[in-house]
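Visitor: Just dropping this structure here.
Each reported figure results from applying straightforward, stated rules to the coordinates on display, with no laboratory input. Computed from a predicted model, the values in this text were never measured in an experiment. We place every Cβ from the backbone using ideal geometry, glycine too, and count neighbours over all the protein chains shown.
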Amino acid sequence: MAVRVEANGAVRVLRLDRPEKKNALTQAMYAALSAGLDAAEADPAVRVAVLAGGADFTAGNDLADFAGGRGEGPSEAFRFLQALRRFGKPLVAAVRGHAVGIGTTLLLHCDAAVAAEEARLLMPFTRLGLVPEGGSSLLLARRVGAARARWWLMAAAPIAGREAAEAGLVTRAVPDAEVEETAMAMAEALAALPPEALRETKRLLRAPDEAALDAAMEAEFSAFSARLNSEEAQAIFRAFLSRKG
Ligand code: COA
């Protein structure tokens, strides 16, 4: 199974575990993540969830999956994003190595994120012939300001973990070897706080953007699906999948 669920008392870790593909996300992995979040939500013993990977967080959506285009209706990725949005308990991310595409945009739905100083975050949507997803067309500018958001989303500029922390995209950047322990310490700190107060606080923090986020995600979904099926994007996926060496 490419997503491991680790129970650490009050902290539930959902760990991406497909290192040979840099934790690129398949439909099955999105489904496992959604199920993992729903189970963590439902279990009263779980106070906090952590999203983690290994040497890499994730290389984003599996490009072989994108290369098949997309039919009608929501994908597992879309369902995962909805599960992420709905998740009412504190959510912490631990980011090492590459965090590509949804690997970066999902951070906008986390309550805290720790990145390795040398982590490589990237939202390569335009390079791939795609458009932003995960609510990033709205939330990124809210988080880091319009100038950075435009550059990172339009020019698909890479972002080092250190820079992500300076900009406020993640909460902290630490040396690679300290990412896991720092994320766990933050998760434990949150787990020690009164859970109902945390749930209400999270709800209040999200509330002002809720309607705008619905609209942004709907618009993104329709544009993203159209782009995914475009010849411009499909040619780029084929080129990636057929590269040599
Ligand atoms: N989908 C499918 N396979 C992927 C993948 C993805 N998103 N990202 C990496 N892989 C695979 C590679 O094809 C390679 O497989 P192989 O060993 O069978 O050839 C393996 O993972 C290792 O990747 P590699 O490219 O050799 O590692 P790297 O360290 O040189 O580069 C990345 C890492 C993340 C920069 C690079 O893999 C990359 O650009 N991936 C695509 C990222 C992307 O565009 N994601 C979609 C976002 S919307």
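Visitor: Quick one: helix 231-241 against the long Cα principal axis of the chain, what's the angle to the nearest 10°, folded into 0 to 90?
Guide: 70
Visitor: For the pair Met1 and Glu118, how long in nm is the line joining their label points, each one 7 Å along Cα→Cβ?
Guide: Rounded to a tenth, the inter-label distance reads 3.3 nm.
Visitor: Follow-up. How much net charge surrounds His98 when only the other residues with a Cβ under 13 Å from the Cβ of His98 are counted, with Lys and Arg +1 and Asp and Glu -1?
Guide: After counting each charged neighbour, the total is +2.
Visitor: Any idea how many Lys pairs in the chain come in under 29 angstrom at the alpha carbon, given 8 or more places apart or on separate chains?
Guide: 4
Visitor: Let me ask another. Could you give each residue of the stretch 216-227 its phi-based ³J(HN,Hα) in whole Hz, using Karplus coefficients 6.51, -1.76, 1.60 with θ = phi - 60°, and x for Gly or Pro?
Guide: Whole-Hz 3J(HN,Hα) from phi for the stretch 216-227: 5, 5, 5, 5, 4, 4, 6, 5, 5, 4, 5, 5.
Visitor: Which cross-chain or sequence-distant (5 or more) residues have an amide H under 5 Å from the amide H of Phe125, H modelled 1.01 Å from N in plane?
Guide: For Phe125, whose amide H was placed from the backbone, there are no distant partners under 5 Å.
Visitor: Return the single residue from Leu205, Leu138, Leu91 with maximal mean-square fluctuation; model: Gaussian network over the chain, springs between Cα atoms under 10 Å.
Guide: Largest GNM mean-square fluctuation: Leu205.
Visitor: For the chain, take the longest principal axis of its alpha carbons; what is the angle in degrees between that and the long axis of helix 76-86, to the nearest 10 within 0 to 90?
Guide: Between the helix axis and the principal axis of the chain, the angle is about 30 degrees.
Visitor: Around Ala39, with a cut-off of 12 angstrom between Cβ atoms, what is the net charge of the other residues, counting Lys and Arg +1 and Asp and Glu -1?
Guide: -1
Visitor: How large is the helix-only mean residue ellipticity at 222 nm for the chain, computed as the sum of -39500 (n - 2.57) over DSSP H runs with n ≥ 4, divided by its residue count, in deg cm²/dmol to the nearest 500?
Guide: -14000 deg cm²/dmol
Visitor: Calculate how steeply helix 179-191 sits against the longest principal axis of the alpha-carbon atoms of the chain, using the helix alpha-carbon long axis, and give the answer as 0 to 90 degrees to the nearest 10.
Guide: Result, in degrees: 50.
Visitor: Set the Förster distance to 41 Å, then compute FRET efficiency between Glu41 and Arg238 from the Cβ-Cβ distance, nearest 0.05.
Guide: 0.60
Visitor: Show the residues, 5+ positions off or on another chain, whose built amide H is closer than 5 Å to the amide H of Val95.
Guide: Val114, Ala115, Ala116
Visitor: Taking θ as phi - 60°, what are the ³J(HN,Hα) couplings along the stretch 198-213 by the Karplus curve (6.51, -1.76, 1.60), each to the nearest whole Hz, with x for Gly and Pro?
Guide: Using θ = phi - 60°, the values come out as 5, 4, 5, 5, 4, 4, 5, 5, 7, 3, x, 9, 4, 5, 5, 5 Hz.
Visitor: Another question about this same structure. In sequence order, what are the phi-derived ³J(HN,Hα) couplings for the stretch 26-34 according to the Karplus relation 6.51 cos²θ - 1.76 cosθ + 1.60 with θ = phi - 60°, rounded to whole Hz, with x for glycine and proline?
Guide: Result, rounded to whole Hz: 8, 4, 5, 5, 4, 5, 5, 5, 4.
Visitor: Looking only at Leu204, Leu63, Leu106, which one moves most when the chain is put into a Gaussian network model with springs between Cα atoms under 10 Å?
Guide: Looking only at Leu204, Leu63, Leu106, the biggest GNM fluctuation is shown by Leu204.
Visitor: Could you work out how far the C-alpha centroid of the stretch 71-145 sits from that of the stretch 150-207, in angstrom?
Guide: The two parts, judged by their Cα centres, are 12 Å apart.
Visitor: If I build a Gaussian network model for the chain, linking alpha-carbon pairs within less than 10 angstrom, which residue out of Ala183, Ala167, Ala42 has the largest mean-square fluctuation?
Guide: Maximum fluctuation in the GNM of the chain, among the listed residues, is at Ala42.
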